[in-house]
Amino acid sequence: MNINHEVKKRKTFAIISHPDAGKTTLTEKLLLFGNLIRSAGTVKGKKSGKFATSDWMEIEKQRGISVTSSVMNFPYKDYQVNILDTPGHEDFSEDTYRTLTAVDSVVMIIDATKGIEAQTLKLFKVCRMRGIPIFTFINKLDREGREPLELLEEIEQVLNISTYPMNWPVGMGKRFLGIFDRYNKQFIQYNGNEEETYIPYADLDNSEHEDLVKNATYQETEDELTLVDEAGDNFSLENVLKGEQTPVFFGSALAPFGVQSFFDTFISMAPNPTPRKTTEGLVSPDNPDFSGFVFKIQANMNPAHRDRIAFLRVCSGKFERGMSVKLARTDKTIKLSQSQQFVASSRGTVEEAYAGDIIGIYDPNAYRIGDTLIDGKDNFEYDELPQFPPELFKKVSAKNVMKGKQFKKGLEQLVQEGAIQLFKGHRTESYIIGAVGELQYEVFEYRMKNEYNVEVSLESVGERIPRWLNTDQVDESLFDDRNLLVKDREGQFLVLFKNDFALRWFVDKHPDIELIDLFEVN
Ligand code: G4P
């Protein structure tokens, strides 16, 4: 089998959004295109309770959520589509960020009634940092939302990225008539619950469309569109692929409206797997030697077996079940006998996989997040996964002081695995753990108890804004509880600011002290 041919078929992406923007609804519609589900409303059971087939860890069952991002794959036209889910809300964790290191592009959903929201912004920053191409879907056009021009302006200003509207909506909410599909030069008519209709631009003059064309909202929008055509940025696929321009699609995931044309255009433009950086230079996805990296480890997916699954992004060559590979970090050989591919709600065995695919491999407690697996003579490691700035901090200790040894062991292993980040009080020997989402603490507590037999107490330090210091010479008298001085695992000083105000106050008072935001470091 020609590896290059397989790589060219792969489209691996994540959908990012703030909770409630419509990620589940859109994902469902895409899965329908892939014939992966038969009716909408079966993806996740937060509300419908239908997603009950998972036998993942207990905590997941209790809360009815997916603890870590899952992967869905399906063939669509000539492509092999891999969608990586990025959990939101309380289930937001470092895994959500790390998932973005395993994709080749991202679909960002924005709620037209709300514009850019906090979580979208955070995830967007990671995409920007890594130069991941971003495609925007502005959702809920069937509702009265904000003006399209205003939404585009917000994207440009807040996210600092150029936009190109692939289509342009005519009205919104009750007045919603459809969209001008600028890219495919057709008008897509909105028919409420009925299927959308496609009218080529050239046919709009026909008398049968008179009612539409004479509609006041339509005419107003035509003028607006002329303005956009003249004053807006030109479309540049090159800039899109560099992550500098985002093609914007308006539509409604629920209707659904504009979803088919969005997906067809997106999938034709979204990049295939590209060469990735390693310690030995770039490795091409069609390199015949298999390689990949672990971006997530899920423990206890099956409570009966206490197994751990490492999620591997294949980056080159061909994966075959049962093959032996080298773990670059230790130079040890491991046989990959149990492997799984993730399909919406079930896990099936995977026999072969290519660059862009995500597979789950059984982890005999050997892997760490960021590990590289290789088959071939060369030895190299993929770029280290970036560390992400935690926002929540808690002091942690063992409830029973006699369990100090297990406590340290558990802490160390979970930190190494990337489940949490560890900091130490500067003067005190107290441990502070940092996370990006509350769920990480629940998982941490659960695993300390179940895997290391240690009950922990967690004392909140609250939400904090961490800033690293560029020096190891610090004047301790400058710090107190509002700007707490701690050290990270490498012994680097950082300050945990109580809020934006405390941060700004400190910057004003001490302009000579350089404060580094982790997003800028990575
Ligand atoms: P999420 O995964 O991003 O959190 O969002 P989700 O798809 O669950 O959608 C959040 C809410 O927004 C849902 O309503 C959903 O039906 C609605 N929604 C999604 N897309 C559209 C759209 O294009 N137009 C309109 N009008 N609504 C949309 P809900 O009432 O919270 O839940 P449900 O009971 O309808 O499932």
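The values are calculated or read from the model by the stated rules, or taken from the named source; none is laboratory data. Bear in mind the structure is a predicted one, so any value in this text is a computation, not a measurement. When we count neighbours, we look across all protein chains shown, and the Cβ atoms used for this are built from the backbone with ideal geometry, even at glycine.
Quick grid of which residues meet (1) surrounded by fewer than 18 Cβ atoms within 10 Å (Cβ to Cβ); (2) at pLDDT below 85; (3) assigned to a helix (DSSP H, G or I):
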site	(1), (2), (3)
Asp378	yes, no, no
Glu384	yes, yes, no
Phe393	no, no, no
Met402	yes, no, yes
Gln406	yes, no, yes
Lys409	yes, no, yes
Val415	yes, no, yes
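Only one of (1) within 16 Å of the ligand (Cβ to nearest atom); (2) part of a helix (DSSP H, G or I) is not met by Leu227, so which one is it?
(1)
Note down all Cβ pairs under 9 Å where the first residue falls in segment 20-32 and is free of Cβ contacts under 8 Å to residues at least 60 places away in the same chain, the second is within 6 Å of the ligand (Cβ to nearest atom) and part of a helix (DSSP H, G or I), and they're at least six residues apart or on different chains.
Between residues of segment 20-32 that are free of Cβ contacts under 8 Å to residues at least 60 places away in the same chain and residues that are within 6 Å of the ligand (Cβ to nearest atom) and part of a helix (DSSP H, G or I), the close pairs are Thr24/Lys47.
Can you tell me which of (1) within 16 Å of the ligand (Cβ to nearest atom); (2) surrounded by fewer than 23 Cβ atoms within 10 Å (Cβ to Cβ) is the one Gly145 doesn't meet?
Every condition holds for Gly145 apart from (2).
For segment 230-252, which residues satisfy the criterion of being modelled with pLDDT of 95 or more and over 18 Å from Arg128 (Cα atoms)?
Listed by number, the residues that qualify are Phe235, Phe249, Phe250, Gly251, Ser252.
Would you please name the residue that is nearest to Phe262 (Cα to Cα), looking only at residues in segment 20-48 that are within 8 Å of the ligand (Cβ to nearest atom) and modelled with pLDDT under 50?
This residue is Gly41.
For segment 230-288, name all the residues that are within 15 Å of the ligand (Cβ to nearest atom) and free of Cβ contacts under 8 Å to residues at least 24 places away in the same chain.
Of everything in segment 230-288, nothing turns out to be within 15 Å of the ligand (Cβ to nearest atom) and free of Cβ contacts under 8 Å to residues at least 24 places away in the same chain.
If the requirement is being at pLDDT below 95 and surrounded by fewer than 20 Cβ atoms within 10 Å (Cβ to Cβ), which of these qualifies: Glu154, Glu150, Glu224?
Glu224
If I go through segment 193-216 residue by residue, how many of them are under 37 Å from the mean Cα position of the chain (by Cα) and either surrounded by 15 or more Cβ atoms within 10 Å (Cβ to Cβ) or outside any loop (DSSP other than H, G, I, E, B) (or both)?
Number of matching residues: 6.
If you take the residues of segment 259-282 that are under 28 Å from Lys77 (Cα atoms) and hydrophobic (A, V, I, L, M, F, W, C), which of them is surrounded by the fewest Cβ atoms within 10 Å (Cβ to Cβ)?
Met269
Going by the conditions given, is Ile432 in contact with a Lys or Arg (Cβ under 7 Å, 6 or more places away or on another chain), surrounded by 18 or more Cβ atoms within 10 Å (Cβ to Cβ) and of a type in the set (A, V, I, L, M, F, W, C)?
Yes.
Are there any helices (runs of 4 or more DSSP H) wholly within segment 433-522 with 2 or more residues that are of a type in the set (Ser, Thr, Tyr), and if so which?
Ranges flagged: 438-452.
Looking at segment 163-188, which of the residues that are crowded, with 18+ Cβ neighbours inside 10 Å and of a type in the set (S, T, N, Q) is farthest from Gln260 (Cα to Cα)?
Top of the filtered list is Thr163.
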